[in-house]
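The values are calculated or read from the model by the stated rules, or taken from the named source; none is laboratory data. None of these values were measured; they are calculated from a predicted model. Every residue, glycine among them, receives a Cβ derived from its backbone with ideal geometry; neighbour counts consider all protein chains shown.
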Amino acid sequence: MQTMRAAVYDRVGAPHDVLSLCQMARPEPGEGDVLVRIAASGINPADVKRRAGWRGRTTEMRIIPHGDGAGVVEATGPGVDPARIGERVWLWSVPSDTFMRDGMEMGTAAEYAVVPAQNAVPLPEGISFEAGAALGVPAITAYVTLSGDGPLEGRTVLVQGGAGAVGAAALAMAKAAGARTIATVSSPQKAQIARDAGADHTVNRRDGDVAEAIAALAPEGVDRIVEVDFGANALVDSKVLKRGGVIASYSSPSDPEPVMPYYQLQMRVPLIRLISCYFLTPAMRQAAVDGVNGALRSGAYEPLIAATFPLDRIAEAHAALERGDVAGKIVVQP
């Protein structure tokens, strides 16, 4: 029996209290699966929140955390072309119920992972494994928020939280598509990150009236809003959105059940899209995967890596993301 090292937890709590390393049997690919030797595992806010017990969540099973990763196909299961062995890939939407093995969820914070073949996407040449591990959730989310409502060329796009992983990806993709871009940030350091990603203008949320500052940059209103926190920003969005514009929101952490300024928004005649990369249709996912790889190949987008940690320091990596003292994606290397 071949074994592997993996990070696991079986109860929720603080990272140093619940995360540990163990040796376990290496999984084997089944029908339609590939076995990937993990070179880098990306941490998303959802991974940290879930481990911490966000919104009262608990767990009664063993979990190898993290949904994103990158590595090399080591073996293929029945029904998968063996020619994929040796292929460099990035992984998305791991773990979930789809990735249950022997009563546990198996994510990418391990030396190996078995995933359905369609969840292992060819990694373009010249893109590092660390960058590949930083794609997945943020890159797919950014693509979907931008791609559902017509061309972006000549449009004005506002990205709320432009220094975050999703925000930076959205800025890069919108800029490459010919949009004029505005990002909200919370510090001069994050303003620089947003500008490097593709923001034409930045607005510091901590400096005065945010809506007024955005309106000064876009007097006729913004065409699209990529929204990181609908509950916190709905009123600002209602003031700056152009009539007939689009709000594509992928999160509402400050208020999971937000009350919206209905009539203020109604006057904008908006389209409001609520986005989750975990629940996309197969066609939407495929379009997003193709779009992300296209952006990588063209050089329009490459994710910012904030820090890398070895697997045996995974608790430190989670703590760093929770503190918010780094900008960009945190990656763990088995």
Go over the candidates SER298, SER254, SER238 one by one and state the one that is over 18 Å from ASP68 (Cα atoms) and buried (at least 18 other Cβ atoms within 10 Å of the Cβ). SER238
Mind listing whichever residues of the stretch 275-287 are closer than 26 Å to LYS190 by Cα and buried (at least 18 other Cβ atoms within 10 Å of the Cβ)? ILE275, CYS277
Would the stretch 225-237 turn up any residue that is more than 18 Å from GLY161 (Cα to Cα), out of contact with any strand residue (DSSP E or B) (no Cβ under 9 Å at 6 or more places or on another chain) and not assigned by TED's automatic domain parsing to the domain that holds GLU130? no
Looking across the stretch 176-215 at residues that are among the hydrophobic types (A, V, I, L, M, F, W, C) and not in a helix (DSSP H, G or I), the single one that is surrounded by the fewest Cβ atoms within 10 Å (Cβ to Cβ) is ALA177
Would a scan of the stretch 51-65 turn up a residue that is farther than 21 Å from HIS318 by Cα and touching an Asp or Glu at 6+ places or on another chain (Cβ under 6 Å)? no
Does VAL72 satisfy the condition of being closer than 30 Å to ILE127 by Cβ, touching a strand residue (DSSP E or B) at 6+ places or on another chain (Cβ under 6 Å) and surrounded by 14 or more Cβ atoms within 10 Å (Cβ to Cβ)? yes
Criterion first (acidic (Asp, Glu) and under 22 Å from GLY150 (Cβ atoms)) does GLU227 satisfy it? yes
Out of ALA248, ALA327, ALA307, sole residue that is modelled with pLDDT under 95, part of a strand (DSSP E or B) and either closer than 16 Å to VAL166 by Cα or in the same structural domain as PRO15 (by TED's automatic domain parsing) (or both): ALA307
Answer yes or no: is there a residue in the stretch 38-47 that is among the β-branched types (Val, Ile, Thr), crowded, with 22+ Cβ neighbours inside 10 Å and either under 16 Å from MET106 (Cβ atoms) or under 24 Å from the mean Cα position of the chain (by Cα) (or both). yes
